[in-house]
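S.K.: Would you mind keeping the following structure in view while I ask a few things?
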Amino acid sequence: MTDAVQRFRDSWAHLHPHLDLTGMETMGRVLRLAALMNNITEDALTDSDVSRPEFEILAALRRTPQGLRPRHLTRKTLSSGAATTKRLTRLEQIGLLTRTRIERDRRETLVRLTPQGEQLIDTLFTHQLERETTLLAPLTPQERTHLATLLARVLTPIDPQPPHTPEAPHP
């Protein structure tokens, strides 16, 4: 069984047989899997009128019912501030979230899902889990758990830990 990464590895091994290519094999597969899964997700979201980055914003808000400030959403979704603002504006225009000024600091806003936004993200998230389960079907449940554990060991030291997001003040 060969995949694109194996073909790349074989080409490099032929050119540089003295190099250790195991890192490339692993990271190449992680990156390729992520890119392909992003494409699958984008395709699946087409009918929902929500992009994958917008899905990520809705999911972050669903996990934080008290709401989030835009800068916290930017950190949670690993986006730029400008991209977050653009996505929030569009999601607000289609009725999936609200932005409310925070009383004690009128420059700040609190972002929350509308009931329509909650319902949509719950549906989209359920379908996303189904897609991920299908993608991982070649692995046994134990292999999935083991893979998740190994990836967490690699990711944890390099994944920036966001500062604690305090409970948002009530507007």
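The values are calculated or read from the model by the stated rules, or taken from the named source; none is laboratory data. Predicted model only: the values in this text are computed from it and were never measured. Don't worry about glycine lacking a Cβ; one is built from the backbone with ideal geometry, like all the others, and counts go over all protein chains shown. All accessible areas refer to the heavy atoms of the entire protein, side chains included, with ligands and DNA or RNA removed. Shrake-Rupley method; radii C 1.70, N 1.55, O 1.52, S 1.80 Å.
S.K.: Taking the range 102-121 on its own, how many of its residues are in a helix (DSSP H, G or I) and touching a residue at least 12 places away in the same chain (Cβ under 8 Å)?
M.R.: Within the range 102-121, residues that are in a helix (DSSP H, G or I) and touching a residue at least 12 places away in the same chain (Cβ under 8 Å) number 5.
S.K.: Given the criterion in a loop (DSSP other than H, G, I, E, B) and not polar (S, T, N, Q), identify the matching residue among ASP43, ASP20, ASP10, ASP47.
M.R.: None of the other options fit; the residue is ASP20.
S.K.: Identify all residues within the range 77-89 that are surrounded by fewer than 19 Cβ atoms within 10 Å (Cβ to Cβ) and under 25 Å from THR126 (Cβ atoms); write none if there are none.
M.R.: Scanning the range 77-89 gives THR77, LEU78, SER79.
S.K.: Among what's in the range 124-142 and is in contact (Cβ under 8 Å) with a residue 12 or more places away in the chain and out of contact with any Phe, Trp or Tyr (no Cβ under 7 Å at 6 or more places or on another chain), pick the residue that is most open to solvent (accessible area, probe 1.4 Å).
M.R.: Going through the qualifying residues, I end up with PHE125.
S.K.: How many residues does the range 124-137 contain that are touching a helix residue (DSSP H, G or I) at 6+ places or on another chain (Cβ under 8 Å) and farther than 12 Å from ILE40 by Cα?
M.R.: 3
S.K.: For residues that are open to solvent by less than 70 Å² (accessible area, probe 1.4 Å) and of a type outside the set (Asp, Glu), scanning just the range 151-168, find the one that is modelled with the lowest pLDDT.
M.R.: Top of the filtered list is ALA168.
S.K.: Here is a list of conditions, (1) touching an Asp or Glu at 6+ places or on another chain (Cβ under 7 Å); (2) at pLDDT 95 or above; (3) not acidic (Asp, Glu), and PRO171 meets all of them except one; can you say which number that is?
M.R.: (2)
S.K.: While we're here: Looking only at the range 41-57, count how many residues are of a type outside the set (D, E, K, R) and either within 13 Å of the chain's Cα centre (by Cα) or loosely packed, with under 12 Cβ neighbours inside 10 Å (or both).
M.R.: 6
S.K.: Further question: Test GLU92 against the stated conditions and say whether it is among the acidic types (Asp, Glu), surrounded by 14 or more Cβ atoms within 10 Å (Cβ to Cβ) and at pLDDT 95 or above.
M.R.: Answer is yes for this residue.
S.K.: Mind counting the residues in the range 59-76 that are under 18 Å from LEU124 (Cβ atoms) and either in a helix (DSSP H, G or I) or without any contact (Cβ under 8 Å) to a residue 60 or more places away in the chain (or both)?
M.R.: So the answer is 8.
S.K.: Residues of the range 136-154 being part of a helix (DSSP H, G or I) and over 16 Å from the mean Cα position of the chain (by Cα), which ones?
M.R.: PRO141, GLN142, GLU143, ARG144, THR145, HIS146, LEU147, THR149, LEU150, ARG153, VAL154
S.K.: So which residues in the range 36-76 are polar (S, T, N, Q) and in contact with an Asp or Glu (Cβ under 6 Å, 6 or more places away or on another chain), if there are any at all?
M.R.: GLN66
S.K.: Right, another one. Within the range 60-75, is even one residue over 24 Å from ASP159 (Cα atoms) and open to solvent by less than 70 Å² (accessible area, probe 1.4 Å)?
M.R.: Yes, that holds for at least one residue.
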